[in-house]
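Have a look at the structure below before the remarks.
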């Protein structure tokens with residue numbers, strides 16, 4: 001019994017959600033992939049996630065990537081989550097009934113409303129990203145999630161949603177959800193990295209980092225630099241982006257303990 | 001009446017949309033009246049013109065106005081235009097949902113962007129409107145935002161939301177099913193959210209037609225606008241933009257030019273992907289901007305570097 005309890009506590013504390021953001025086009029996807037490779041080398045089971053309207057990963061990995069995780073290699077899977085998909089799952093989970101969820105979404109106006117309501121899609125994605133840490137559902141079977149997040153401004157809007165929703169809703173499941181998600185986002189299980197690719201310290205990232213801290217209470221783990229002589233000495237190589245990501249994986253050692 | 005030409009720059013993140021928007025706006029402003037607007041929340045545009053986060057716009061020269069697209073002012077000015085009566089207007093402003101649209105829930109900025117576009121177009125002031133957009137994959141697309149919002153502001157949705165739970169006892173079958181729907185929604189979000197939502201729809205119903213008018217006009221302007229796709233010369237950007245083009249042309253959009261930014265001669269991984277990219281889009285015209293050692297940080301510097309490349 002004691003042994004069982006011990007395992008439980010350790011494995012819970014172990015789960016981590018890595019959120020990688022930064023200015024558009026700095027190499028978020030490549031560094032996310034590098035981090036996934038690094039965590040895998042530590043014998044972790046890793047899920048790499050993008051959130052997009054239209055999946056880019058299918059093109060990046062030359063393989064159909066969708067809502068359900070697809071295995072790339074041992075202990076490494078990828079998934080592409082759209083807000084609408086996550087929302088569908090979220091509705092079912094909160095209502096605790098598939099048929100009620102179907103009933104709700106069978107109404108045209110209701111469906112339009114739910115899909116357009118401000119913040120619902122974002123809370124659904126954040127809800128899914130933190131589901132394991134909130135012990136919602138059956139465990140997904142991954143130790144770590146690496147979230148290849150939207151670029152800076154969009155990440156801020158996304159992370160502002162839980163506190164925004166809390167202000168509209170006084171009581172009820174959505175308030176509870178938002179509260180729980182926010183607690184996880186502020187906790188040790190979430191590690192936010194901002195990426196830059198110039199040797200000059202980026203004002204934009206400093207501002208973002210300050211806003212994340214003051215407006216939401218989310219601490220930035222590190223700002224990492226991906227350029228020739230920096231943390232991730234990126235060189236244009238003749239090999240594919242995936243091979244380059246593999247080469248860069250070892251440099252994560254310094255940032256992930 | 002002047003009917004401004006609209007140039008929109010689209011593409012995935014970090015490819016150079018902002019730089020190209022600034023370059024074209026600046027170049028055009030040497031001979032024409034130009035308004036340059038960014039709808040990207042990261043507002044990189046402000047760095048080129050030494051603007052602060054809080055600035056909403058800046059007059060750069062007699063011919064060039066730069067706007068950072070301020071959501072709060074746009075929403076408020078829209079209400080002022082469409083609800084002249086202050087009492088009615090305050091009712092809308094006071095609903096919690098509207099308050100959060102002005103504050104934390106800034107995810108839905110589509111409408112204000114579209115409204116600014118329509119207003120700038122009808123102001124009869126500009127020869128050109130140049131638009132810098134958010135990355136294509138992050139947000140619900142700026143290009144399709146009008147259509148999505150049109151659904152939300154349809155008569156059908158408003159009729160559905162015009163619901164007084166009190167009348168439940170004497171209501172018919174349809175109302176009972178609707179009541180059950182609202183109850184279920186309440187279980188999802190909380191009953192007070194549902195009440196807020198019903199109140200919100202009731203309060204904004206006077207502006208429904210006005211909103212729809214703006215949306216339809218915006219939709220028309222975007223359909224007629226010149227779409228320029230910007231793509232950085234690297235493997236992931238080429239792959240990502242390939243998806244974007246497929247998606248856009250599938251939805252009936254027509255792309256005028258593809259700008260290949262940060263281009264260089266070489267035989268790296270990107271050159272292989274690019275060969276394939278060119279083959280798949282042989283019907284489109286390409287313009288090349290060479291890779292620079294240092295990124296130009298001012299409009300004038302951009303003009304010097306880009307002008308030869310993209311004439």
Restricting to Cα pairs below 8 Å that are 6+ residues apart, what does the relative contact order work out to for chain B? Please round to a whole percent.
26 percent
Taking max minus min of the Cα coordinates of segment A:167-257 on each principal axis, largest first, gives extents in Å of 56, 27, 23
Taking every residue of A:142-153, the Cβ atoms of other protein chains inside 10 Å of its Cβ average out to 3
Given the options B:265, B:224, B:124, state which has the largest fluctuation in a GNM of chain B using a 10 Å cut-off (strictly under) for Cα springs.
B:265
Packing-wise, with mean Cβ within 10 Å as the measure, how do A:119-126, A:185-192, B:239-246 rank, highest first?
A:119-126, B:239-246, A:185-192
In degrees, nearest 10, range 0 to 90: what is the angle between the Cα axis of helix A:28-41 and the longest Cα principal axis of chain A?
90 degrees
Using the count of nearby Cβ atoms within 10 Å as a rough guide to exposure, how do A:174, B:51 rank from fewest to most?
B:51, A:174
Using Cα-Cα distances under 8 Å and only pairs 6 or more residues apart, what relative contact order does segment A:182-257 have, in percent?
27 percent
Taking chain B as the reference, fit the longest principal axis to its C-alpha atoms, fit the long axis of helix B:269-280 to the helix C-alpha atoms, and give the angle between the two in degrees, 0 to 90, nearest 10.
70 degrees
Checked the protein assembly as shown against the a/c 1.5 cut and the a/b vs b/c comparison, axes a ≥ b ≥ c from its Cα gyration tensor; verdict oblate
For segment B:206-311, just say rounded, prolate or oblate: build the C-alpha gyration tensor, square-root its eigenvalues into a ≥ b ≥ c, call rounded for a/c under 1.5, and beyond that prolate if a/b exceeds b/c, oblate if not.
oblate
If packing is taken as the average number of other Cβ atoms within 10 Å across a peptide's residues, how do B:287-300, B:189-202, B:59-72 rank, most packed first?
B:189-202, B:59-72, B:287-300
Among B:205-218, A:25-38, what's the highest-first ranking by average C-beta atoms within 10 angstrom per residue?
A:25-38, B:205-218
One finds the C-alpha centres of segment A:110-142 and segment B:18-34 to be spaced, in Å, by 42 Å
The protein assembly as shown - mean residue ellipticity at 222 nm from DSSP helices (-39,500 (n - 2.57) per run, n ≥ 4, rounded to 500):
-14500 deg cm²/dmol
Would you mind telling me which residue in A:117, A:131, A:149 has the biggest mean-square fluctuation in a Gaussian network model of chain A, where springs connect alpha carbons within a distance under 10 angstrom?
A:117
If you average the sequence gap of Cα pairs under 8 Å that are 6 or more apart and divide by the length of segment A:121-257, what percent do you get for the contact order?
19 percent
Please state the shape class of segment B:1-77: rounded when a/c is under 1.5, otherwise prolate if a/b exceeds b/c and oblate if not, all from the C-alpha gyration tensor.
rounded
In degrees between 0 and 90, to the nearest 10, how far off the longest principal axis of chain A does helix A:152-168 point, with axes built from Cα atoms?
20 degrees
Exercise: per-residue mean of other protein chain Cβ atoms within 10 Å, B:125-136
1
In peptide A:165-177, how many Cβ atoms from other protein chains are near each Cβ within 10 Å, on average?
6
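Readers should treat all values here as calculations from the given coordinates under stated rules, not as data from a laboratory. The structure displayed is predicted, hence computed values, not measured ones. Here Cβ is always computed from backbone atoms with ideal geometry, including for glycine, and neighbour counts include all displayed protein chains.
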